[in-house]
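These notes are about the structure you will find just below.
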Amino acid sequence: MRIILVLLVAVWYQNSYSQECTIKGTITDISNNNPIAYATVQILNTKIGTNSSESGDFEINGLTPGVYSLKISFLGYKELVLSEIAVSNIKPFEVFIQLEAASENLTEIVIKSSPFKTKEESPISLRSIGVTEIARSPGSNRDISKVVKALPGVTRTVSFRNDLIIRGGAPNENRFYVDEVEVPNINHFATQGSTGGPVGMINVTFLREVDFYSGAFPASKGNALSSIFDFKMRNGRSDHLGGTLTVGSSDVGITLEGPIKEKTTYIASARRSYLQFLFKALELPFLPTYNDFQLKIKHSFNQKNELSFIGLGAIDDFKLNTAANNTETQQYILNYLPISTQWNYTNGLVYKHYQKNGYWTTVLSRNMLNNEAKKYAGNDDTKSENLILSYKSREIENKIRTEYNFKSNKYSVHFGLGLENSKYSNKTFNKIATSSGVQLVNYQTDLDFYKYYLFVQYHRKIFNEKWSISAGLRNDGNSYSAKMQNLLLQTSPRFALSYQLNSTLSIHLTEGIYYQLPAYTTLGYKENGILINKQNNLKYIQAIHNTAGLIYQTKTEGRLSVEFYLKNYSNYPLLLRDSITLANLGGDFGVVGTEPAISFAKGISYGLECMYQQKLYKGFYGIIAYTFGNSEFENKNKIFLPSSWDSKHIINLSLGRQFKKSWEIGINWRYQSGLPYTPFDDNSNLKTNWDINGKGLFNYDQINSLRYEGISQLDFRVDKKWFFKTWNLELYLDIENVFGNSIASKALILDRPMDSNNKPIGDAVLINPSDPLELQRYKLKYINDASGNTLPSIGITLEW
């Protein structure tokens, strides 16, 4: 608190220096990295600009702190717009720009572009999100998983989780890449066998932009059915040591960056949460603690060769606060939540070698996840018979991928191949309560197999660049089972076609077949020493995507898009213990998929997405989006029923305004119709079940037969920045869910005697104590387990 007061006093008594800012960079040819001399660099909506030197370098000085967009053009190349880059006085904004050659018949003119990125293989389902957009997004607290929830086709679950539900698909259908290195999960307290968690682990300070594919995935990136996130990281500053200190409502982090040698830069960060102290003060029954680390080192050998190291890691601890046991809700949570610890890391080397008309990229990486959990009945670990759960699992992947990008002024070809060694170990002891009774799961597994793939993608623009075509092919296989070894059984063709009607309007069609391997938790499950799901001939999950849409580009940096999508699933695993499709699980903590399964179910998801996005123009920016969606999967009787992610209507309104003296205000309002849910089973209150499970059992014979009411939420954010001679200061207030609206949820708890203060006392009540033990039932009652508190965040960012 004293630090905050000192900073506020300093801001109050000092006048901001009128500082000059600089944008500098290098412009090269994307195919061979050769410098482009005398290219024009202009700041949009101003007369400020310059030209690149013979070495491709440029520098624009004399700017005031703020947000600018750059337009880069040169004869014979496609014009490029870099939208909304934030510059400050304490360091130059460095940018490395690669221009793409235009076709031969257009070498006499400049091909114009827009601030919205498009790619031939994904002309409409790709949305590029800049770091400025991430930082200012209301209610997101600089977390990319929350930022994308303002986009169409993205369904939200409970308010405190970052599960990504894209176009009706399950949360395990997404893949993440950081500077070409695949990262299995980008959240703390990840759900093994799925994705998601309450807090993101990607440091926004590192980011340059994020490419978000909700369909039409590039052939180079596989094993995804719903989305791909491609994080582009910036390089560390090359002039001298600098840093950023961020103090938020839940954590504190520091980032350092600078040169190591003339051609080597680094950027590194560490973050530590103090949320556990706040939770303890609020008497919450669980205490989460998280730490994360991030590093990028880049070395340029020369104009044609460069090497980058990427590193990410997290350490997460989840403990119970057994002293917080006074209320029904506290006791309910303590009754079923386990103690868990989790750590993970990803390290990768990325080497690029440029040639005359293309470049090679080779990626060598390793990632590892360690996940442990324990639970004792009554949280009493003094007796071994009280043990309900003991879980220890590891996932290790070692990967190598090499690919080549060839570009000419007529067409481009991208091809490559990859090999991965996957290791999965699991030692599990678990007493499980189901609707049919209590089961004991006790097994140990060590899985070691290889994955391999190859791909090719072809792009070409024809007829004066009004038509664009893209065709790709990918084949995946692995050594897990005999059927999966055959690359031809997982052939993934994809095709995209675009037509530019005029300078502002274009139409787009895409189609593709995509495959995803079931999670290691399912592949590695054993019974009686046998990989039971290998014996069950588990297959790759398949999804066929079709999209059609149009884009209208305004003259004021705005874009209107309308897109229809259709996804047809097959071979989705049916979990045999409860006869539920895996597509309906993954939006909760724990582990998903550790049980017998067969490749069984089909699914369908379709919808219509409409969005108007306004980039920063005369101080204003915003998004208006509407989605109609339908998501269904087969149940055990081959009947299509709504999935757990079937939200019919989603409306998003996000608006922001930049004011003078570096003030900025933004709001985000969202409405989502209610999600389906499954009623509880009548055997939930059996004593033998409740003593193990600690919560209600679902009746999967009536899966998703009920539906919650819709929910709306308003988020608000205000930022203020001060620019001093050698340092900058930013204060922000970010309020998620201003009115505290709750996402409805029902839970069963023990109906215990209450005292005069409405606190539970005494032991659980049996309905008929004289019944035999196997028939004894507790008296239970329903409570509203809704989540949706107002979450204010006050933060300070100090940059030097």
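The C-beta contact set for region 151-175 (first residue farther than 20 Å from residue 572 by Cβ, second residue in a helix (DSSP H, G or I) and not acidic (Asp, Glu), distance under 8 angstrom, 6+ apart or interchain) comprises 154/148; 156/149; 162/145; 162/146. Count of region 423-439 residues, restricted to those that are open to solvent by 40 Å² or more (accessible area, probe 1.4 Å) and either outside any strand (DSSP E or B) or of a type in the set (Val, Ile, Thr) (or both), is 3.
Look at region 300-315: where a residue is within 16 Å of residue 236 (Cα to Cα) and a partner is hydrophobic (A, V, I, L, M, F, W, C), sitting 6+ places away or on another chain with Cβ atoms under 6 Å, you get 308/350; 309/297; 309/349; 310/178; 310/181; 311/295. When region 715-734 is filtered for residues that are surrounded by 18 or more Cβ atoms within 10 Å (Cβ to Cβ), within 24 Å of the chain's Cα centre (by Cα) and not hydroxyl-bearing (Ser, Thr, Tyr), the ones remaining, listed by number, are 715, 716, 717, 734.
This table checks each residue for (1) surrounded by 15 or more Cβ atoms within 10 Å (Cβ to Cβ); (2) at pLDDT below 90.
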| position | (1), (2) |
| --- | --- |
| 756 | no, yes |
| 760 | yes, yes |
| 792 | no, yes |
| 798 | yes, no |
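Among the residues that make up region 410-422, is at least one of them crowded, with 16+ Cβ neighbours inside 10 Å, at pLDDT 95 or above and more than 30 Å from residue 354 (Cα to Cα)? Yes: region 410-422 contains one or more residues that are crowded, with 16+ Cβ neighbours inside 10 Å, at pLDDT 95 or above and more than 30 Å from residue 354 (Cα to Cα). Applying the condition of being in a helix (DSSP H, G or I), open to solvent by 10 Å² or more (accessible area, probe 1.4 Å) and not aliphatic (A, V, I, L, M) to region 142-181 and asking which residue is modelled with the highest pLDDT yields 172.
Table: residues versus (1) in a strand (DSSP E or B); (2) more than 33 Å from the chain's Cα centre (by Cα); (3) among the hydrophobic types (A, V, I, L, M, F, W, C).
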site	(1), (2), (3)
374	yes, no, no
378	no, yes, no
389	yes, no, yes
394	yes, no, no
400	yes, no, yes
405	yes, no, no
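Pairing residues of region 379-395 that are closer than 18 Å to residue 440 by Cα with residues that are surrounded by fewer than 16 Cβ atoms within 10 Å (Cβ to Cβ), at Cβ distances under 6 Å and at least 6 apart in sequence or on separate chains, gives 386/380; 392/427.
Taking region 43-76 as the range and being touching a Leu at 6+ places or on another chain (Cβ under 7 Å) and farther than 30 Å from residue 726 by Cβ as the test, the residues that pass are 71, 72, 74. Entry remark, region 226-267: residues being closer than 22 Å to residue 519 by Cα and either of a type in the set (Phe, Trp, Tyr) or touching a Gly at 6+ places or on another chain (Cβ under 6 Å) (or both) number 2 in total. Right, residue 700: under 19 Å from residue 744 (Cβ atoms), touching a residue at least 40 places away in the same chain (Cβ under 8 Å) and open to solvent by 30 Å² or more (accessible area, probe 1.4 Å) or not? In short, no. So is residue 712 within 25 Å of residue 789 (Cα to Cα), loosely packed, with under 15 Cβ neighbours inside 10 Å and of a type in the set (Ser, Thr, Tyr) or not? The answer is yes for residue 712.
Taking the condition loosely packed, with under 15 Cβ neighbours inside 10 Å and closer than 29 Å to residue 593 by Cβ, does residue 490 pass? So residue 490 does not fit the description; no. For residue 504, the conditions (1) modelled with pLDDT under 95; (2) within 12 Å of residue 120 (Cβ to Cβ) all hold with the exception of (2).
The values are calculated or read from the model by the stated rules, or taken from the named source; none is laboratory data. As the structure is a computational prediction, the values presented were derived from the model and not from experiment. Every residue, glycine as well, gets a Cβ built from its backbone with ideal geometry; the counts of neighbours run over all protein chains shown. Each accessible area value is taken on the protein alone, full model and side chains, heavy atoms only, with ligands, DNA and RNA left out. Shrake-Rupley method; radii C 1.70, N 1.55, O 1.52, S 1.80 Å.
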